[in-house]
Amino acid sequence: MIEIIIRLALLFCSISMLGLIYRVIKGPSVADRVIALDAIGVNLVAITALISIVLSSHAFLEIILLIGILAFIGTVAFAKYLEKGVIIERERNH
Amino acid sequence: MSVIIDFLIGFFILVGSLFCLIATIGVIRLPDVYTRNHAASKAATLGVMSILLGTFLYFYALEGHFNSRLILGIIFLFMTSPISGHLINRAAYNSGVKLWDKSVRDDLKEYNKKIVNKSSVD
């Protein structure tokens, strides 16, 4: 029973990732693409958890935190780039 | 006992993946950057948190392995997803992405106008 549910959940997550890839390609503005990329990162976390259940090993569970942190940092950097045009600002007064 | 645990794991994982699917339908179908961001950040976060909770229950109950990193991941997603959604919405507004033409209210525009008037008076 639980195997069927996990396979079904993997199918749903894969379909949702395909839909988000459609939004990345189509998206009219840059902000759309960034939102869809962030959601792809969050979906990747879910797929990693499900894959580690399927393979029944807890070696992949450390990657989950890493992917979450990377997606968050990427989104913050893109937001700053969209707003100010640079990512790392330098104060030059001289 | 085992049947209850199985039911809980299946329920959490199925509900989480359905939330992911519904969030994607929202991201594809909604008309505007801001409404799309609403769909993506809130529903996908709830879905992924539910899937991670199901995975934690699976490893804890069926294999006896308490994985603290999954709980840390749940807390991290719960904290950072609204922040990143708000940041990217604010950046989209400031870089001039238009609202949907049927949206009725734009409070930030009036706020920005007030700020500009006050600074010009000064």
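In this structure, does A:Ile4 turn out to be surrounded by fewer than 16 Cβ atoms within 10 Å (Cβ to Cβ) and under 19 Å from B:Leu46 (Cα atoms)? Working first, answer last.
On the way: surrounded by fewer than 16 Cβ atoms within 10 Å (Cβ to Cβ): yes; under 19 Å from B:Leu46 (Cα atoms): no.
When the stated conditions are applied, A:Ile4 does not pass them.
Does A:Leu50 fit the bill of being assigned to a helix (DSSP H, G or I) and more than 22 Å from B:Leu87 (Cα to Cα)? Yes: the conditions hold for A:Leu50.
Got a sec? Which of A:Ala39, A:Ala77, A:Ala46 is more than 9 Å from chain B (Cβ to nearest Cβ) and small (Gly, Ala, Ser)? Quick ask: steps written out before the conclusion?
Details: A:Ala39 fails: more than 9 Å from chain B (Cβ to nearest Cβ); A:Ala46 fails: more than 9 Å from chain B (Cβ to nearest Cβ).
Matching residue, one of A:Ala39, A:Ala77, A:Ala46: A:Ala77.
For segment B:45-72, residues that are buried (at least 16 other Cβ atoms within 10 Å of the Cβ), touching a residue at least 12 places away in the same chain (Cβ under 8 Å) and more than 25 Å from A:Ala39 (Cα to Cα) total 1.
Does A:Phe78 meet the test of being among the aromatic types (Phe, Trp, Tyr), touching a residue at least 40 places away in the same chain (Cβ under 8 Å) and either in a helix (DSSP H, G or I) or buried (at least 16 other Cβ atoms within 10 Å of the Cβ) (or both)?
For A:Phe78, the condition - among the aromatic types (Phe, Trp, Tyr), touching a residue at least 40 places away in the same chain (Cβ under 8 Å) and either in a helix (DSSP H, G or I) or buried (at least 16 other Cβ atoms within 10 Å of the Cβ) (or both) - is met.
Restricting attention to segment B:1-25, the residues being modelled with pLDDT under 90 and within 19 Å of A:Ile15 (Cα to Cα) number 0.
Criterion first (crowded, with 22+ Cβ neighbours inside 10 Å, farther than 16 Å from B:Gly26 by Cβ and facing another protein chain (nearest Cβ under 7 Å)) does A:Ala9 satisfy it?
Working: crowded, with 22+ Cβ neighbours inside 10 Å: yes; farther than 16 Å from B:Gly26 by Cβ: yes; facing another protein chain (nearest Cβ under 7 Å): yes.
It is true that A:Ala9 is crowded, with 22+ Cβ neighbours inside 10 Å, farther than 16 Å from B:Gly26 by Cβ and facing another protein chain (nearest Cβ under 7 Å).
Scanning segment A:18-36 for residues that are surrounded by fewer than 19 Cβ atoms within 10 Å (Cβ to Cβ) and part of a helix (DSSP H, G or I), which turns out farthest from the other protein chains (Cβ to nearest Cβ)? Among them, the one singled out is A:Ile25.
Out of the residues in segment B:64-94 that are within 22 Å of the chain's Cα centre (by Cα) and of a type in the set (Ser, Thr, Tyr), state the one that is farthest from A:Val45 (Cα to Cα).
Keep residues of segment B:64-94 that are within 22 Å of the chain's Cα centre (by Cα), which gives B:69-94.
Filter once more, so that each one left must be of a type in the set (Ser, Thr, Tyr): B:80-81, B:84, B:93.
On the way: B:Thr80: 14, B:Ser81: 13, B:Ser84: 16, B:Tyr93: 28 Å.
Applying the filter and picking the extreme gives B:Tyr93.
Considering only residues that are farther than 24 Å from B:Ala40 by Cβ and assigned to a helix (DSSP H, G or I), which ones fall in segment B:102-122? B:Glu110, B:Tyr111, B:Asn112, B:Lys113, B:Lys114, B:Ile115, B:Val116, B:Asn117, B:Lys118, B:Ser119, B:Ser120, B:Val121, listed by residue number.
Identify the residue in segment A:12-54 that is small (Gly, Ala, Ser) and in contact (Cβ under 8 Å) with a residue 24 or more places away in the chain and, among all such residues, is farthest from B:Pro31 (Cα to Cα).
First pass over segment A:12-54, keeping only residues small (Gly, Ala, Ser): A:14, A:16, A:19, A:27, A:29, A:31, A:36, A:39, A:41, A:46, A:49, A:52.
Now drop any that are not in contact (Cβ under 8 Å) with a residue 24 or more places away in the chain, which leaves A:14, A:16, A:31, A:41, A:46.
Values: A:Ser14: 23, A:Ser16: 18, A:Ala31: 14, A:Gly41: 22, A:Ala46: 26 Å.
Here the residue is A:Ala46.
The values are calculated or read from the model by the stated rules, or taken from the named source; none is laboratory data. Note that the structure is a prediction, hence the values are computed from the model and not measured. No Cβ is skipped: glycine too gets one built from the backbone with ideal geometry, and neighbour counts run over all protein chains shown.
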